[in-house]
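First the structure, in the form of structure tokens, and then the observations on it.
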Amino acid sequence: MSNKFLENPVIKWIEYRLPVFSFINESVGSGYPTPKNLNYWWNFGSLAGIVLAIMVATGIVLAMNYTPHVDYAFESVERIMRDVNYGWLMRYIHMNGGSMFFIVVYIHLFRGMYYGSYKKPRELLWIIGIIIFLTMMATAFMGYVLPWGQQSFWAATVITNLFSAIPLIGEYIVTWLWGGFSVDNPTLNRFYAFHYLLPFVLFGLVFVHLWALHVHKSNNPLGIDIKGPQDTIPFHPYYTMKDLFGLGVFLIFFMFFVFFAPNFFGEPDNYIKANPMVTPTHIVPEWYFLPSYAVLRAVPDIWFISAKLGGVIGMFGFTLVLLLLPWLDRSPVRSAQFRPIYRQFFWVFVADCFILGWVGANTPDAVFYGIPFLWIGRVATVYYFGHILVLIPLISILEKPKTLPDSISAAVTAKGAAPDTAQGAAE
Amino acid sequence: MMMKLFKTSAAAAALAVALMLGAGPAMAEVGKPPARDWSFDGMFGTFDRGAAQRGFQVYQEVCAACHSLKLVAYRNLSGIGLSEDQIKAIAAEVEVTDGPNDEGEMFQRPARPSDRFVKPFANDNAARAANNGALPPDLSLMVKARKGGADYLQALLTGYKEEPPAGIKLSEGMNYNLYFPGNQIAMAPPVADDAVEYADGTKATADQIATDVATFLAWAAEPELEERKRLGIKVLLFLIVLTAMMYALKRQIWSDQH
């Protein structure tokens, strides 16, 4: 922040009483030292924050025109699409924004896993991130129910029914969640209330996430600590500008879908009004839930645990197991760049997640070259948990990492006067 | 109590369905609708006004006997190029119930452009009663509500077979259709050569009629499509230029780090 700005009497007056300008400066300004070698995978954190802001902005406009009642919800969404000025734009941005949010956050998560960003001293940062992810999933699910189409209704029915798998009290919990004896008006009303509330909870969590981030600063592609000022550059203008450029690229991608393929990520069935009497032949969740949906359906009866309860445990475990990552991975080296074995398995893991998504989109009895999807799903599920619970600890103990560079600046200058290429290699 | 039991078991059944999808009855082979070129495809697509207006004529003369279009208002027809006077005349052809008036009575009046398309049946039960138990769905969103969109509609309308293939027994009052899920459809073949006489002199082959009505219904489902694509081009061009400039600025700011 320039001295000229701080010398302005009004700014000075405020700063003396509430040091908001130095706070901003130390959070995202020139007062925040950032590793000088961050590559473009580090853009996705700020992108996620921007998408959250876009979702809240469009969401509030939609809320002004939406009616949370089973008799009017579907029609009110269509009114937004047809009669509200630029209502179609707000709705399509919000609808596709949900998918964009997950794309960005999934990349952000995988980046954290590749570069070991969850390791000491960033364990809490990682855990808060997973909590953000869980909150986001709940928000997205409830938002999907609001248009009250066929998929909305049946997704709500299927997902709330999962709680009936809880022994003894399950049925009561489901009735309590519904506010009645089926998914109906009270359910829609409370989902709307929560869908409006949770984004603000997300804002709070994001604030804590950033707070924890700023204590030990960003990790970096080399995964080694900042040793001194020579390793860092100020966040502003370097990373503000890099993030803005990344935002531009991302918006081109985002807006292409909004304007030219707005229903690409959606299901045609959701343009049919909810009908409790007609079950769709194929109930599928939104694409971002497909991997966990595949896990839900992959689990068979195991001993005294029914397939249903096992599936529910598997589905929640799918995300919750990530909380253990900082302690399962014993390797002192963070970045997969210096971990030859882990790096290869990381990509197998990424492929496994895609396979689970693909299985989730197909019916379990469908076959792929003679192999039932049920079994592909089972193998992929076993690999998923095996990778996190067995392979990661094992590799971290057995693997011999490559030698780490002495410092960030040493590594950057050793590779010559073109840090951009060094960053390219880091990817 | 009975109700509660019914509802929880219905919900449990739904879960079961979701968990073991596709356990339903085996279905006959359903054809994949062939992909067609539509005037509204692509980044610069617009609705062919002629086709959409002919399609509107087909809707009025054929479909509207059974199918509602309840999300569309008569005034919206300006979107397919009809003039204000034409729209007023079209609306005035039907009557809607309005009221209550000062005496507390409901009364009939000619529809106005601001009214939504008048439904052919008073309610779903009346529609079922008149259609052998089947409910003709509302067509406002049909193109968005089916996989394949306009391709599917075109294929469905022209995909009837007089006789089902050997071994398939049709239920009472059903028709065989290559593209309908399960192949048995309650709707009788709605289009045939010369089923309508086009005002603009276009030869009304079954294929032409299907194409026209699919175009009209694509418009009905996405009346914002043209405005959306026009704005989209501007937004993308703006973003591409802006991003290029930001890239240049980023290079410049980072140049002292290289």
- Query: Which entries in the list A:K119/A:K402; A:K217/B:K250; A:K273/A:K308 go over 24 Å, if you measure between the two C-alpha atoms of each?
  - Reply: A:K273/A:K308
- Could you size up the charge dipole of the protein assembly as shown around its Cα centre, putting +1 on the beta carbon of Lys and Arg and -1 on that of Asp and Glu, and report it in debye to the nearest 20? 2860
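Would you mind counting up the charge near B:Y152? Only other residues with Cβ under 12 Å from its Cβ, with Lys and Arg at +1 and Asp and Glu at -1.
+4
How many partner chain Cβ atoms sit within 10 Å of a residue's Cβ in peptide B:136-144, on average, as a whole number?
Details: counts 0, 1, 2, 0, 3, 9, 3, 2, 8.
The shielding value for this peptide is 3.
By how many nm would the segment from B:K234 to B:A166 lengthen if fully extended, with 0.36 nm per residue of separation less the alpha-carbon distance?
Additional length available on full extension: 19.0 nm.
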- Item | For the stretch B:43-60, Karplus couplings with θ = phi - 60° (6.51, -1.76, 1.60), whole Hz, Gly/Pro x | 5, 10, x, 9, 6, 5, 4, x, 5, 5, 5, 5, x, 4, 4, 5, 4, 4
- Within a Gaussian network of chain B (alpha carbon springs, distance under 10 Å), most fluctuating of B:N183, B:N123, B:N132: B:N123
- Item | FRET efficiency for A:I131 and A:I169, using Cβ-Cβ distance with R0 set to 25 Å, rounded to 0.05 | 0.50
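Can you pick out the pairs among A:K36/A:K400; B:K147/B:K203; B:K32/B:K161 whose Cα atoms lie more than 22 Å from each other?
A:K36/A:K400; B:K147/B:K203
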- Rounded to whole Hz and in sequence order, give me ³J(HN,Hα) for the stretch A:107-116 from the Karplus expression 6.51 cos²θ - 1.76 cosθ + 1.60, θ = phi - 60°, writing x for Gly and Pro. 5, 4, 5, 4, 4, x, 6, 5, 9, x
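Take the Cβ-Cβ distance between A:A261 and A:L404 as r, set R0 to 51 Å, and report the resulting FRET efficiency rounded to the nearest 0.05. Intermediate results must be reported in sequence, preceding the final value.
Details: r = 45 Å, r/R0 = 0.87.
With a Förster radius of 51 Å, E is 0.70.
What net charge is computed for the residues neighbouring A:P340, neighbours being all others with C-beta under 10 Å from the C-beta of A:P340, Lys and Arg scored +1, Asp and Glu -1? Please list the in-between numbers first.
On the way: positive: A:R339, A:R343, A:K400, A:K402; negative: A:E399.
Spelling it out: positives minus negatives among the neighbours equals +3.
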- Item | Amide H partners (placed H, <5 Å) of B:V96, local residues excluded | B:R109, B:A111
- Note on the structure: Largest fluctuation, A:K308, A:K119, A:K402 only, Gaussian network model of chain A with Cα springs under 10 angstrom, belongs to A:K402
- Task: Could you tell me whether the stretch B:70-168 comes out rounded, prolate or oblate from its Cα gyration tensor? Rule is a ≥ b ≥ c as square roots of the eigenvalues, rounded for a/c under 1.5, then prolate if a/b exceeds b/c, otherwise oblate.
- Result: oblate
- Message: What lysines does A:K4 reach when the alpha-carbon gap must be under 21 Å and sequence neighbours fewer than 8 apart in one chain are set aside?
- Response: A:K12
- Task: For chain A, set up a Gaussian network in which alpha carbons nearer than 10 Å are linked by springs, and say which option among A:M315, A:M81, A:M136 fluctuates the most.
- Result: A:M81
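How much net charge surrounds A:T232 when only the other residues with a Cβ under 12 Å from the Cβ of A:T232 are counted, with Lys and Arg +1 and Asp and Glu -1? Display every interim value, and only then the final one.
Details: positive: A:K36, A:K217, A:K227; negative: A:D225, A:D231.
That works out to +1.
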- What list of ³J(HN,Hα) couplings, whole Hz, do you get for the stretch B:209-222 from phi and the Karplus terms 6.51, -1.76, 1.60, once you set θ to phi - 60° and write x for glycine and proline? 4, 5, 4, 5, 6, 5, 5, 4, 6, 5, 5, 4, 7, 10
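Would you mind classifying the stretch A:264-318 by shape? Square roots of the alpha carbon gyration tensor eigenvalues, ordered a ≥ b ≥ c; an a/c under 1.5 is rounded, otherwise it is prolate if a/b is larger than b/c and oblate if not.
Values: a/c = 3.68, a/b = 1.83, b/c = 2.01.
Note, shape of the stretch A:264-318 comes out oblate.
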- Using alpha carbon centers only, the stretch A:88-141 is separated from the stretch A:1-47 by a whole-angstrom value of 24
- Item | Sequence-distant residues sharing a close amide H with A:T34 (under 5 Å, placed H) | A:I233, A:F235
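Which of rounded, prolate, oblate describes chain A, given a ≥ b ≥ c as roots of the alpha-carbon gyration tensor eigenvalues and a/c under 1.5 marking rounded, otherwise prolate only if a/b is larger than b/c? Could the numbers behind the result be given before it?
Values: a/c = 2.04, a/b = 1.28, b/c = 1.59.
Because a/c hits 1.5 or more and a/b fails to exceed b/c, chain A counts as oblate.
The numbers here are math on the coordinates, done by the rules we state, and not lab data. Since the structure is predicted, the reported quantities are computational estimates derived from the model, not experimental observations. Note that each Cβ is placed from the backbone with ideal geometry, even for glycine, and that neighbours are counted across all protein chains shown.
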